[in-house]
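One structure is given here, and the rest of the page talks about it.
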Amino acid sequence: MTVPDELSYTPEHEWVSISGTTASVGITDHAQRALGDVVFVSVPPPGTKVTAGEPCGEVESTKSVSDLYSPVDGEVTEVNAEIDDDPGLVNSDPYGAGWLFKVQLAAGDGEAPPGLLSAQEYERLTANPQ
Amino acid sequence: MTDPQSPAPRRTPLTAVHEDLGATLTDFAGWLMPLRYGSETAEHKAVRTAAGLFDLSHMGELAVTGPAAAQALDYALVGNLSALQPGRARYTMICAADGGVLDDLIVYRLAGEEFLVVANAANASTVYTELTDRASGTQAVVTDRTSDYALIAIQGPNAARILAPLTDAQLGEVKYYAGYRATVAGCRVLLARTGYTGEDGFEIFTRPQDAERVWAALSDAGAADALVPAGLAARDTLRLEAGMPLYGNELGPDVTPFDAGLGRVVKLDKTADFVGRAALAQRAKAAPQRVLVGLAGQSRRVPRHGYDVLWDGVPCGRVTSGSPSPTLGVPIAMAYLEPAAAGQAGRDGAGRLAVDIRGSAEPAALVPLPFYRRPA
């Protein structure tokens, strides 16, 4: 399982990459493995206000459906249109081509918002389920 | 994301093989089973187009033997097992006195006085207890043989070609629902032409100590024929496409075989009395209380077990199983509908039938079962 050092994580298995005042969001390698083949992802359309820790979409896989939680406060600026045609990108490249949406951060100071986990913390979380 | 269940699940004789293959393992009915090895969709498609190899060692095997074995099964089950020829198998059910389904079963008649009853893992102990009770005082002995068998299935259009060079059985003569003793890879097995995928295929009961050898021989022989190991996730979508019921979803103690559209397994014309006869005879004559139907989704959101089915926005039934269909490319589901709604939907369902998918009514169409039938 891959947990890139440079990303931040949520306990609900999203990753977030903050660059300037923009956050890119996806689901982790751990999450895609647990879900199995992703068949459909519903993400908030551009313009949607999202709140950290609140559900903002869902990920359908063969066996189950899971809520997608926003890791940050802000407004959605872009969604990954490729995912609509090829939801399998979430499985094959969860941290790259499988990114889901981008958020203009409400705080706007470029700092990682509170409550997110470091790679080390996330690794510990997923090593000890429950 | 794991299902907390105690105690530690049982390992099958092949669990180490699955671990070596990098399988995602899951606790299924108290057994540690491969859920998938890589992509379950790829495994599903491999079974439809080539072949898949499954470990089904979690299934319960119960031997019923003795001079009264056939009579005991005629009383215990809804089928007419005394009419079953040695070397043949039958799909049947064990019901409660009220006609509710306790399990669906495959029964093999290995010899005149020797039967093997294959039960779902979750129900194996119930079936064992019920068979023992129902056979008590007769000259039939019920033995739990689950630990004495590993069960390997090879399923798909290439299955027979892969298996043929490894077995002494003449596969051309092994008909659907035949099951008899043979050898595979030099090991003594019970070889059956049965399955739960909608494809041609075989189920091979081996001794536990032979399981790895038989699995390896099939894997090696199948490498050139696109055989892949396949997990329980693919098994579930394969059986759903094939319209086959799953205990706990389409079948349960509140459901009779007639509800599930499987009234044909209830042999009311057999002379012997059997547990559930009175209730089932009544049920056979009465108007159905619900109808099992197939649904195809018209969006990409997937109807799941337990979701309400809506007719003009009003609940008229419930989804029992649902998943994306890798073969058809749309979400599919089985559901129990009120008979009136099912009838109306069959005539004029367009735009009126939907599934409540987490609060939004997603349009669905009534489609005939099975969703998939293999090319003749």
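The values are calculated or read from the model by the stated rules, or taken from the named source; none is laboratory data. The model shown is predicted, which means the values in this text are computed figures rather than measured ones. Cβ placement follows ideal geometry from the backbone for every residue including glycine, while neighbour counts extend to all protein chains displayed.
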* Structure fact -> Here the residues within the range B:330-354 that are under 20 Å from B:GLY248 (Cβ atoms) and within 14 Å of chain A (Cβ to nearest Cβ) are B:ILE332, B:ALA333
* To do: Inspect all residues belonging to the range B:55-75 and state whether any of them is within 21 Å of A:ARG33 (Cα to Cα), among the hydroxyl-bearing types (Ser, Thr, Tyr), in contact with a strand residue (DSSP E or B) (Cβ under 6 Å, 6 or more places away or on another chain) and not in a strand (DSSP E or B).
  => no
* Show the residue pairs that are 6+ apart or on different chains and have beta-carbon atoms under 9 Å apart, the first residue being within the range B:306-332 and closer than 19 Å to B:VAL47 by Cβ, the second being hydroxyl-bearing (Ser, Thr, Tyr) and in a strand (DSSP E or B). => B:PRO324/A:SER61; B:ILE332/B:SER321; B:ILE332/B:SER323
* To do: Scan the strands (runs of 3 or more DSSP E) fully inside the range B:153-232 and keep the ones with 2 or more residues being under 17 Å from B:TYR91 (Cα atoms).
  => B:179-184, B:187-192, B:201-206
* Asked: If you check B:ALA51, B:ALA119, which single one turns out to be buried (at least 24 other Cβ atoms within 10 Å of the Cβ), closer than 30 Å to B:ASP225 by Cα and either modelled with pLDDT of 95 or more or in contact with a strand residue (DSSP E or B) (Cβ under 7 Å, 6 or more places away or on another chain) (or both)?
  -> B:ALA51
* **Lone qualifier among B:ARG235, B:ARG283, B:ARG239, B:ARG301 - being surrounded by 18 or more Cβ atoms within 10 Å (Cβ to Cβ) and away from chain A (no Cβ under 14 Å)** => B:ARG283
* To do: Can you give me the number of residues within the range A:44-80 that are outside any strand (DSSP E or B), away from chain B (no Cβ under 12 Å) and crowded, with 21+ Cβ neighbours inside 10 Å?
  => 3
* Structure fact -> Going through the range A:30-43 in order, the residues found to be farther than 20 Å from B:SER360 by Cβ, out of contact with any Ser or Thr (no Cβ under 6 Å at 6 or more places or on another chain) and either free of Cβ contacts under 8 Å to residues at least 60 places away in the same chain or away from chain B (no Cβ under 14 Å) (or both) are A:ARG33, A:ALA34
* To do: May I ask you to verify whether B:THR129 is over 21 Å from B:GLY179 (Cα atoms), in contact (Cβ under 8 Å) with a residue 40 or more places away in the chain, of a type in the set (Val, Ile, Thr) and not in a strand (DSSP E or B)?
  => no
* Structure fact -> Restricting the range B:246-269 to residues that are assigned to a loop (DSSP other than H, G, I, E, B) and β-branched (Val, Ile, Thr), the one nearest to B:ALA97 (Cα to Cα) turns out to be B:THR256
* To do: Within the range B:348-371, work out how many residues are touching a strand residue (DSSP E or B) at 6+ places or on another chain (Cβ under 9 Å) and either in a helix (DSSP H, G or I) or in contact (Cβ under 8 Å) with a residue 60 or more places away in the chain (or both).
  => 11
* part of a strand (DSSP E or B), surrounded by fewer than 22 Cβ atoms within 10 Å (Cβ to Cβ) and within 24 Å of the chain's Cα centre (by Cα), is that true of B:ALA296? -> yes
* Residue match in the range B:6-29 (condition: among the β-branched types (Val, Ile, Thr), part of a loop (DSSP other than H, G, I, E, B) and surrounded by 19 or more Cβ atoms within 10 Å (Cβ to Cβ)) -> yes
* Got at least one residue in the range A:14-22 being within 14 Å of chain B (Cβ to nearest Cβ) and free of Cβ contacts under 8 Å to residues at least 60 places away in the same chain? -> yes
* Residue identified as touching an Asp or Glu at 6+ places or on another chain (Cβ under 8 Å), over 22 Å from A:VAL59 (Cβ atoms), in a loop (DSSP other than H, G, I, E, B) and more than 12 Å from chain A (Cβ to nearest Cβ) among B:THR327, B:THR320 -> B:THR327
* Asked: Does B:ALA150 satisfy the condition of being of a type in the set (Gly, Ala, Ser) and surrounded by 16 or more Cβ atoms within 10 Å (Cβ to Cβ)?
  -> yes
* For the range B:31-45, indicate whether the set of residues that are in contact with a strand residue (DSSP E or B) (Cβ under 8 Å, 6 or more places away or on another chain), among the charged types (D, E, K, R), assigned to a strand (DSSP E or B) and within 14 Å of chain A (Cβ to nearest Cβ) is non-empty. => yes
* Asked: Would a scan of the range B:209-218 turn up a residue that is touching a Cys at 6+ places or on another chain (Cβ under 6 Å) and either in the same structural domain as B:PRO86 (by TED's automatic domain parsing) or of a type in the set (Val, Ile, Thr) (or both)?
  -> yes
* Structure fact -> If we keep only residues of the range B:270-293 that are assigned to a loop (DSSP other than H, G, I, E, B) and of a type in the set (D, E, K, R), then the residue farthest from B:GLY329 (Cα to Cα) is B:ASP273
* Structure fact -> Within the range B:95-116, residues outside any strand (DSSP E or B) and buried (at least 23 other Cβ atoms within 10 Å of the Cβ) come out as B:GLY99
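The rows are residues; the columns are (1) of a type outside the set (A, V, I, L, M, F, W, C); (2) farther than 29 Å from B:LEU238 by Cα.
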position: B:GLY52; (1), (2): yes, no
position: B:SER82; (1), (2): yes, yes
position: B:VAL101; (1), (2): no, no
position: B:GLU113; (1), (2): yes, yes
